[in-house]
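Structure, as structure tokens:
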Amino acid sequence: MTVATAQDNSSKTLLEVRGLKKYFPIKKGLLRRTAGYVKAVDDVSFSIRQGETLGLVGESGCGKTTTSRTAIGLYPATGGQVLFHSAEHGDLVDLAALSRKQLKPVRREISMVFQDPINALNPRMSVGDIIREPLKVHGLDQGSTTDAEIEVLLEAVGLRAEHIDRYPHEFSGGQRQRIGIARALALNPSLVLLDEPVSALDVSIQAQTLNLLLDLQTSRGLTYLFVAHDLSVVEYISDRVAVMYVGRLVELAKVDDLFNTPKHPYTEALLSAVPRPDPRNPARKIELQGQVADPANPPSGCHFHSRCPYARDVCKQDKPELREVKPEHFVACHFAEELELLGVSSPASAKPSLPTSS
Amino acid sequence: MTQTSTLSTPQVTPSQPLLEVRDLKVQFDVQRGTVRALDGVSFQIQPGTTLGLIGESGSGKSVTARAIMRLLAKNARIVSGDILFKQPSQDPNQATNQDAVNIIKLDPNGKHIRTLRGGNIAMIFQEPMSSLTPVYSAGVHINESLQIHTNAKRTVGAQLEWAIKHTQKLSNSEARRIAINLLDRVGIPRAAQSIDSYPHQLSGGQRQRVMIAVALSCNPSLLIADEPTTALDVTTQSQINSLIKDIQQEYNMAVLYITHDLGVIAEVAQDVAVMYLGRIVETGQVDDIFYAPKHPYTQALLESIPRLGKVRGERLSTIKGMVPDPFSVPSGCPFHDRCPQMMPGLCDVTVPSLKHVTANQQAACLLYEDSDDVTLSSHQVDMTHTTSESQLSGSQVSGSQVSGSQVSGSQPDESHV
Amino acid sequence: MTVTNTLKKATPKKSKTVRQSYWQLAWWRFKKNRLAVVGAVIVIGFYVICGLFAEFFAPYSLAHLSDYLEAPPQQLQFIDQAGNFRLRPFVYGYSEVVDMQQMRRFYEVDTSVTYDVYFWVRGEPYRLFGVIPGDIHLFGTDAANPDAHLFLFGTDRLGRDMFSRILYGGRLSLLIGLIGQLLTLIFGVTLGAISGYYGGLVDNLVQRSTEFLSAFPDIPLFLALAAAIPPQWSPIAVYFMLTIILSFVRWGSLARQVRGLVLSLREREYVLAARSFGSSDRAILFRHLIPGTLSHVIVIATLSIPGMILAETALSFLGLGLRPPLTSWGVLLQEVSTVRAIRFAPWLLIPVPFIITAILGFNMLGDGLRDALDPYSRN
């Protein structure tokens, strides 16, 4: 578990997750005895550096949402450490070890943006009250001065100051997401967990929102943990990307390395499955057999072995550890060095070049 | 409307479209007023091909699908238009002189539309087996609304066998045998056992496979797939899409594939229609749409999506603003207030109609309004690419030109209302 | 620390455009629903006339006993014996006739005696809300003439004016509905919300006790509880006890509904958002969850007040609820529970249309509220 401590000397580590575990008990029978565990997060380690974006991808049920929420202390962890560099505490704190009360000051430094712009905003509260709520919770609401701050914030996310008195139902999906982003920024956090922030938005709105997130990152020095299933979006926004499969990290690398020279067969298959808006260069599809394993009853050894086209006997028995095969490229595969896997590195010329419209 | 049908009758060509939608207008009556969900939609699908219908929310793509199935909500009205479907006859002797049925003219609850739905046109949805109350039996659903799919309390086999028996009048054991074969065909592992499982025991991808099996059970000539993979993961999505492609060839089905995902469209469709606010703004072959898009909306849409392999750090270009509220659709071209090439005094006044920009590409944009010839010469590069194809499908083009000019004739009046 | 440090001071430019808050929108939607408005008018009318100002609207007090026992309703007249139209309405007096064969007494209209009906008359003194003294009644007969009487809905066995009794009876029946429902709300919403939000042991406890309560058949439970009220208690104490009993039996179903709502609201991402920036459970419960159920609860409450009123009516009718001298609609109906009364004094059934109207009013109002309070109904 020596994984991923920051090596880049220019930026320090903001959040370091070590051997994180989150098990959900399966209750059975009349007495609700625990019959087993769903290992939603099973020994996951990664770190996020100040100012970077770490993308966390995987298919539904792989545990990426649970991982991210446990990693910011929203869910209590079953095991492991979450070391957060807290400005409030002036030091490293282990979020997994703190009580809810102790966590409260740290909450100001970590915020969240959600997927569903309808569910994430209370329909009965005005936009101003929605953004004011986190300030209120921390006793920072100062009436009219706060109003002015909220108006500035609204403008910063591309809304208008007079929207402060409106209600969520008056906005479109993209605007609601902006309100959610404004709320996430109200406490001026250092780390923002973006949980599928654009997947519920229309295509033309996605780009606006992604650009906004990048602008805010630059202007406010934010660090993002970006959870998504859409690989093209993740590639666009992330500095480094972690791929999850059934509760474990299978690969973690810089975005270019991961997309161009993936080292894990699952990453390869995932990349090949992404539909490309380019009819002349369709991806060579690697069709996986079967379906994502059940995290309550995962396969032995490497969780992916039953679907892996390269699997050998050893994969059925031994769990591969996440190890660094190249600088800053971590893979959990026994044959990471041997396999020649296909990335997305399509030559630039093959990209559809649009006519500059007349 | 009578004019339209007289125009189309002389078009006796080998590639008569399987489905032709002409100037379809659908309105929804809600308390706040009337929403023009579809405002003059025209397109055709050739037998055995896939038309990708792409659009953002509110563009009317799902309404189009439901209008074809005559499954519109109660507050929807089909104001005008034709939906001509060439129904293959069971009797081979009649097949030649079989005229296309106009689905608009059918009683939405009548027997004819039900035989079409159950037999010739099948539909698969975004959320397989989740949209219905489990109170009704699967049979009721087939009869009533084609939402066959979704009885959570019946096994997969029971539902599939019912569909088979309903359409093919077979014995129980025969139907079961066919059902197992179908499940096997759509890639359900251990079909003979899986047939007795309940929907909740299957994964999302498998449920969609079962839905495809149910759709196939009636041997349709047209499959309408309304966002069939939107709820699925990428790897599953790619499996389902390649399944749809395979069975399309095997059964020689035409597919109307509705999605908001440009990537998916590029992989599944031969022809593409781009919708915006209840209108088709551009149609063409998939290659033209992606490499030589003509309508500013299509261009902007293609520019705004993140693509794998795109240089990182580049800002995505965006479309300003958002899709307008259906109650406040802008005057003139519905896209004009978001359009980077908006021509003041023109685009905000005149409603553009779908016109040929190249031989087999149409766009509804005033940039191309002045003269077809001028526009063609300004895109010579594209021309060289498209002319060769236009020769191949020249007959198809002439057919669509007729309907295209029909649309342009009727629309300006509508805009003043 | 907060937004201030990183952001330049904004020039607050508040536009004065009319913004529609959630409640304004709801009000707007409500106004558009004609049936709901009718229901609201009925309900408010009943509460104003019976609940607040029965003393003023009723010509007689509850204690007023006249000499006319079971007299039929007097009809307002505008045309006198001579055939002249008179603007001032009047009623004819009664003459008492004794039927020796049936051994009963009845009244015949005596057209020789007329009593003018006046508005805004001085009559029996009363204290409005128990405090404000007054003696003005909306209408009545000349106080100077002690023989004059006005029984629009007839009189009962003891010679009391039915019209006045219906108004006073309505007061108790409607109040028992309102107060009882209020108590139910307090029990139901609090326990339901806690049960839904915390889950676990608390949830189990609340759920089991509601199940326990709902497993009892209603009427026997009422009977047992009502029978347990000591007979020597004052009627007012009985009244409050009855209210508590009614709400005690009924909070369970409301608690279940609130729990269900909270369970679904708890999963909303805005609740998770609140937790993510450190809101306490209490804050989440009171800022998000309970307000979230509010519209639903208002609707349920409105729709179940009729049930309360009917339950009171039924209990009193069975003789287990309110007892004379208290007057409620149920008590009034109890008095017509004999065939004899229905045969010879059918006007004693006049409370029935009042009960029906009030209950229909509540239902129309409740339905209207349900449509108006849904925040996502856009129309």
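A few notes on this one:
- Residues that are surrounded by 15 or more Cβ atoms within 10 Å (Cβ to Cβ) and modelled with pLDDT under 85, drawn from region C:156-166: C:Asp156, C:Gly159
- Of the residues making up region A:183-203, those that are within 17 Å of A:Thr223 (Cα to Cα) and either of a type in the set (Val, Ile, Thr) or part of a loop (DSSP other than H, G, I, E, B) (or both) are A:Ala186, A:Leu187, A:Asn188, A:Pro189, A:Ser190, A:Val192, A:Glu196, A:Pro197.
- The residues of region B:264-277 that are under 13 Å from the mean Cα position of the chain (by Cα) and closer than 17 Å to B:Lys61 by Cα, listed by number, are B:Ile265, B:Val268, B:Ala269, B:Asp271, B:Val272, B:Ala273, B:Val274, B:Met275.
- On inspection, C:Thr4 fails the criterion of being within 14 Å of another protein chain (Cβ to nearest Cβ), modelled with pLDDT under 85 and in a loop (DSSP other than H, G, I, E, B).
- Listed by position, the helices (runs of 4 or more DSSP H) inside region C:12-89 whose residues that are modelled with pLDDT under 80 and not small (Gly, Ala, Ser) number at least 3 are C:22-32.
Condition check ((1) within 7 Å of chain A (Cβ to nearest Cβ); (2) aromatic (Phe, Trp, Tyr); (3) in contact with a Gly (Cβ under 8 Å, 6 or more places away or on another chain)) across all residues:
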position: B:Ser217; (1), (2), (3): no, no, no
position: B:Asp233; (1), (2), (3): yes, no, yes
position: B:Thr236; (1), (2), (3): no, no, yes
position: B:Asn241; (1), (2), (3): no, no, no
position: B:Ile244; (1), (2), (3): no, no, no
position: B:Glu250; (1), (2), (3): no, no, no
position: B:Leu256; (1), (2), (3): no, no, no
position: B:Tyr276; (1), (2), (3): no, yes, yes
position: B:Ile289; (1), (2), (3): no, no, no
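- Residues that are in contact (Cβ under 8 Å) with a residue 12 or more places away in the chain and in contact with a Cys (Cβ under 9 Å, 6 or more places away or on another chain) do occur in region C:147-166.
- Checked against the criterion of being over 24 Å from A:Asp239 (Cβ atoms) and of a type in the set (Lys, Arg), the candidates A:Lys104, A:Lys64 yield just one match: A:Lys104.
- For region C:200-226, the set of residues classified as closer than 20 Å to C:Met308 by Cβ and assigned to a helix (DSSP H, G or I) consists of C:Thr210, C:Leu213, C:Ser214, C:Asp218, C:Ile219, C:Pro220, C:Leu221, C:Phe222, C:Leu223, C:Ala224, C:Leu225, C:Ala226, listed by residue number.
- Qualifying residue in region C:263-270 (condition: modelled with pLDDT of 85 or more, closer than 21 Å to C:Phe212 by Cβ and over 22 Å from the mean Cα position of the chain (by Cα)): yes
- Of all residues in region B:30-70 being assigned to a strand (DSSP E or B) and within 14 Å of chain C (Cβ to nearest Cβ), the one that is surrounded by the fewest Cβ atoms within 10 Å (Cβ to Cβ): B:Gly33
- Yes/no for C:Leu294 being over 17 Å from the mean Cα position of the chain (by Cα), modelled with pLDDT under 85 and under 30 Å from A:Pro117 (Cα atoms): yes
- Filter result for the condition that a residue is away from chain A (no Cβ under 14 Å), under 18 Å from C:Ile194 (Cβ atoms), in contact with a Phe, Trp or Tyr (Cβ under 9 Å, 6 or more places away or on another chain) and not basic (Lys, Arg), over C:Leu320, C:Leu263: C:Leu263
- Reported count of residues in region A:258-280, each being more than 9 Å from chain B (Cβ to nearest Cβ), over 18 Å from A:Arg312 (Cβ atoms) and in a loop (DSSP other than H, G, I, E, B), is 2.
- Residue match in region C:23-38 (condition: of a type in the set (Val, Ile, Thr), surrounded by fewer than 18 Cβ atoms within 10 Å (Cβ to Cβ), more than 19 Å from C:Met162 (Cα to Cα) and touching a helix residue (DSSP H, G or I) at 6+ places or on another chain (Cβ under 9 Å)): yes
- Just one of the listed residues (A:Ser86, A:Ser111) is free of Cβ contacts under 8 Å to residues at least 40 places away in the same chain and not aromatic (Phe, Trp, Tyr), namely A:Ser86.
Conditions (1) free of Cβ contacts under 8 Å to residues at least 12 places away in the same chain; (2) under 30 Å from C:Asp281 (Cβ atoms); (3) not hydroxyl-bearing (Ser, Thr, Tyr), marked per residue:
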position: C:Ser195; (1), (2), (3): no, yes, no
position: C:Asp203; (1), (2), (3): no, yes, yes
position: C:Phe222; (1), (2), (3): no, no, yes
position: C:Ala226; (1), (2), (3): no, no, yes
position: C:Pro230; (1), (2), (3): yes, no, yes
position: C:Ser234; (1), (2), (3): yes, no, no
position: C:Leu242; (1), (2), (3): no, no, yes
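- Boolean, B:Ser238 is in a helix (DSSP H, G or I), modelled with pLDDT of 85 or more, surrounded by fewer than 20 Cβ atoms within 10 Å (Cβ to Cβ) and not β-branched (Val, Ile, Thr): no
- Evaluated against (1) modelled with pLDDT under 90; (2) closer than 16 Å to B:Ala122 by Cβ, B:Ile258 falls short on exactly one condition, (1).
- Residue ID - surrounded by the most Cβ atoms within 10 Å (Cβ to Cβ), chosen from residues in region A:156-180 that are closer than 25 Å to C:Ala283 by Cα and at the interface with another protein chain (Cβ under 7 Å from one of its Cβ atoms): A:Tyr167
- Just one of the listed residues (B:Leu232, B:Leu223, B:Leu216) is crowded, with 20+ Cβ neighbours inside 10 Å, in a helix (DSSP H, G or I) and either in contact with a strand residue (DSSP E or B) (Cβ under 6 Å, 6 or more places away or on another chain) or at pLDDT 80 or above (or both), namely B:Leu216.
- Test for C:Ala283: is it without any contact (Cβ under 8 Å) to a residue 60 or more places away in the chain, among the hydrophobic types (A, V, I, L, M, F, W, C), in a helix (DSSP H, G or I) and over 29 Å from C:Pro73 (Cα atoms): yes
- Candidate set from region B:303-337 (those that are crowded, with 21+ Cβ neighbours inside 10 Å and out of contact with any Ser or Thr (no Cβ under 8 Å at 6 or more places or on another chain)); member that is nearest to the other protein chains (Cβ to nearest Cβ): B:Phe335
- Where strands (runs of 3 or more DSSP E) fall wholly inside region A:43-155, the ranges with 2 or more residues that are buried (at least 18 other Cβ atoms within 10 Å of the Cβ) and at the interface with another protein chain (Cβ under 8 Å from one of its Cβ atoms) are A:110-113.
Per-residue answers, yes or no, for (1) of a type outside the set (Asp, Glu); (2) under 30 Å from C:Val43 (Cβ atoms); (3) surrounded by 23 or more Cβ atoms within 10 Å (Cβ to Cβ):
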| residue | (1), (2), (3) |
| --- | --- |
| C:Pro220 | yes, no, no |
| C:Ala227 | yes, no, no |
| C:Trp233 | yes, no, no |
| C:Ile244 | yes, yes, no |
| C:Val262 | yes, yes, yes |
| C:Glu269 | no, no, no |
| C:Leu272 | yes, no, no |
| C:Ile290 | yes, yes, no |
| C:Leu318 | yes, yes, no |
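- Residue count, region A:282-308 (criterion: at positive phi and either within 9 Å of chain B (Cβ to nearest Cβ) or not in a loop (DSSP other than H, G, I, E, B) (or both)): 1
The values are calculated or read from the model by the stated rules, or taken from the named source; none is laboratory data. These numbers come from a predicted model, not from an experiment. Neighbour counts are summed over all protein chains in view; Cβ atoms, including those assigned to glycine, are modelled from backbone coordinates with ideal geometry.
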